[in-house]
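Read the figures in this text as sums done on the coordinates, not as results from a lab. Just so it is clear, the structure is predicted and the values come from calculations on it, not from any experiment. Cβ atoms come from the backbone with ideal geometry, glycine included; neighbour counts cover every protein chain shown.
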Amino acid sequence: MHPQSSIQLQFPLQSLNTFGIAATAQAYLRVTQTEQLLGVLADPAWAGLPRLVLGGGSNLLLTGDFPGLVLHIALEGREVVGGDERSHFVRAAAGENWHAFVQWTLEQGMGGLENLALIPGTVGAAPIQNIGAYGLETKDVFHSVTVFDPRSATVYAMDAGACRFGYRDSVFKREAGRHLIILDVTFALPKQWRPNLRYAELAQAVAEQGLAAPSARQVADTVVAIRRRKLPDPAVIGNAGSFFKNPVVTGARCAALLERFPALVHHLQPDGTQKLAAGWLIDQCGWKGRNLGAAGVYPKQALVLVNNGGATGADVVALARAIQADVLARYGVELEPEPVFV
Ligand SMILES: Cc1cc2nc3c(=O)[nH]c(=O)nc-3n(C[C@H](O)[C@H](O)[C@H](O)COP(=O)(O)OP(=O)(O)OC[C@H]3O[C@@H](n4cnc5c(N)ncnc54)[C@H](O)[C@@H]3O)c2cc1C
């Protein structure tokens, strides 16, 4: 099959983004083989168009129709590729579902990813914003990534240093790496596994079950139960998880804020900065459970914006801007969106 022959025009994207926003792509290609990327991006008819690399669509906001080519990454495959004295190395193709991959590693008897269970999306997107939850980030269990570079039509590996991971951040979100397409990701999972219960809510939930020495599977099940309780299921109500990053401020700035707002929820970071709870700031501004048009703030978690049915990207943007303005006016803190605006 000629790679371009499966490109479809005027393709609907509503079922491919967890916000459930209706939008159309000028052109769409479901990528199941790396060769398709080489073929399509060597063709000037397609190579010149704006490009959107799409995984599970769970961390983006479609603000309108997409006037370009959507490359929907559906590459499959996962395997144990070796190890060293400390780690098992496991690799998964970018299009694999993240949660299914986490479950698969547990079935192989390998712990390490359980704190990240039930995060929607694909394996390939995990390094993009260095997904994190319950005291663990991708970077903590990351080995390397294989990328396709459309500028040079080459495929190469990048280690953790090259990925420049930060809080909900990596080189793939920046100018230097935004053009790269992730093909697969290799993780280094510990041979000497110990539960990571640094996150207080997780530790408490494990303790409440009387699990003195929980297995990786039990930690995963606990994380899944907490998440199901707190977060809306995108299959039921459109959302992209946390809509804003938790703002990070200096210790001095946090101290000044605490003088005025003693209840301010803040977490000291290893580098001495303070991470403020964005959900608390939004809640204090009265937004929890409020709607603006068809977009709203999830009543159980102020950090999650939802599509109450029929919301457009513009509706969600308007709500986000209103929240940002209120938080800025009251606390002088700027909230930065977590999803990518397309
Ligand atoms: C209910 C819910 C809960 C969530 N909880 C969390 C959480 O706890 N922690 C967390 O960190 N995130 C969370 N998220 C956000 C989201 O699930 C993650 O960011 C996830 O990694 C996005 O994966 P995706 O495949 O859906 O990416 P997409 O939304 O498809 O894409 C996101 C970005 O990555 C790029 N991209 C995707 N795949 C590739 C690739 N192969 N190569 C290059 N670029 C690519 C896209 O172009 C886009 O810029 C949550 C989302 C929802 C809906």
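Fully extending the segment from HIS179 to GLN26, taken as 0.36 nm per residue of separation minus the present Cα-Cα distance, adds 53.2 nm.
Remark on HIS179: its backbone amide H falls under 5 Å from none of the residues 5 or more positions apart or on other chains, H modelled at 1.01 Å from N. Quick one: longest stretch of the chain between exposed loop GluC sites (Glu not before Pro), exposed meaning at most 15 other C-beta atoms within 10 Å and loop per DSSP? With GluC sites (Glu not before Pro) excluded where exposed in loops, the chain gives 176-333 as its longest stretch. Each of GLY296, ILE282, PRO234 was placed along the dipole of the chain (beta-carbon charges, centred on the mean Cα), and the one lying farthest toward the positive end is ILE282.
Specify whether the C-alpha gyration tensor of segment 208-342 places it in the rounded, prolate or oblate class, a ≥ b ≥ c being the square roots of the eigenvalues: rounded for a/c under 1.5, otherwise prolate if a/b is larger than b/c and oblate if not. Here segment 208-342 falls in the oblate category. Looking only at segment 267-284, which residues have a backbone nitrogen under 18 Å from a spot 7 Å from the Cα of ASN308 in the C-beta direction? Within reach of a label on ASN308: 283.
On the beta carbon distance between TYR167 and ARG330, with R0 = 22 Å, the FRET formula returns roughly 0.40. Shown is the FRET efficiency for VAL340 and ALA42, computed with R0 = 22 Å from the Cβ-Cβ distance and rounded to the nearest 0.05: 0.25. Two numbers describe the Cα atoms of segment 179-263: Rg and Dmax, which are 18.5, 49 Å. Seen from all directions on average, segment 163-207 presents a Cα convex hull projection of 5.1 nm².
Rounded to the nearest 500, the 222 nm mean residue ellipticity of the chain from helices alone is -7500 deg cm²/dmol, with -39,500 (n - 2.57) taken per DSSP H run of at least 4 residues. With the cut-off at under 18 Å, measuring from each backbone N in segment 257-277 to a point 7 Å along the Cα-to-Cβ line of GLN204 picks out 263-268, 277. The Stokes-Einstein estimate for segment 50-130, based on a Kirkwood radius over Cα pairs and taken at 4 °C with 1.567 mPa s viscosity, is a diffusion coefficient of 93 µm²/s. Loop-resident trypsin sites (Lys or Arg not before Pro) (DSSP state other than H, G, I, E or B) in segment 74-146 with no more than 12 further Cβ atoms inside 10 Å of their Cβ: ARG86.
Assigning unit charges at the beta carbon (Lys, Arg +1; Asp, Glu -1) and nothing else, what dipole magnitude in debye, to the nearest 20, does the chain show about its Cα centre? Mind dumping the intermediate values first?
Values: 29 positive and 29 negative charges, 139 e Å.
Rounded to the nearest 20 debye, it is 660 debye.
Close amide-amide hydrogen proximity is noted between PHE66 and THR24, ALA25, GLN26, each under 5 Å apart and 5 or more residues distant or on a separate chain (H modeled in the peptide plane; Pro and chain starts excluded). Each other residue within a Cβ distance under 13 Å of GLU338 adds +1 if Lys or Arg and -1 if Asp or Glu, for a net charge of +1. Can you bin segment 113-205 into rounded, prolate or oblate? Criterion: square roots of the alpha carbon gyration tensor eigenvalues sorted a ≥ b ≥ c, rounded for a/c under 1.5, prolate for a/b above b/c, oblate for the rest. Cα axes put segment 113-205 in the prolate bin. What are the residues whose amide H is under 5 Å from the amide H of VAL306, where those residues sit 5 or more places off or on another chain and H is modelled from the backbone? Result for VAL306 returns GLY296, VAL297, TYR298. Within the chain, all pairs of alpha-carbon atoms sorted by distance into 10 Å bins from zero give the percentages 5, 23, 32, 27, 11, 2, 0. Per residue, the convex hull spanned by the Cα atoms of segment 274-342 amounts to 84 cubic angstrom.
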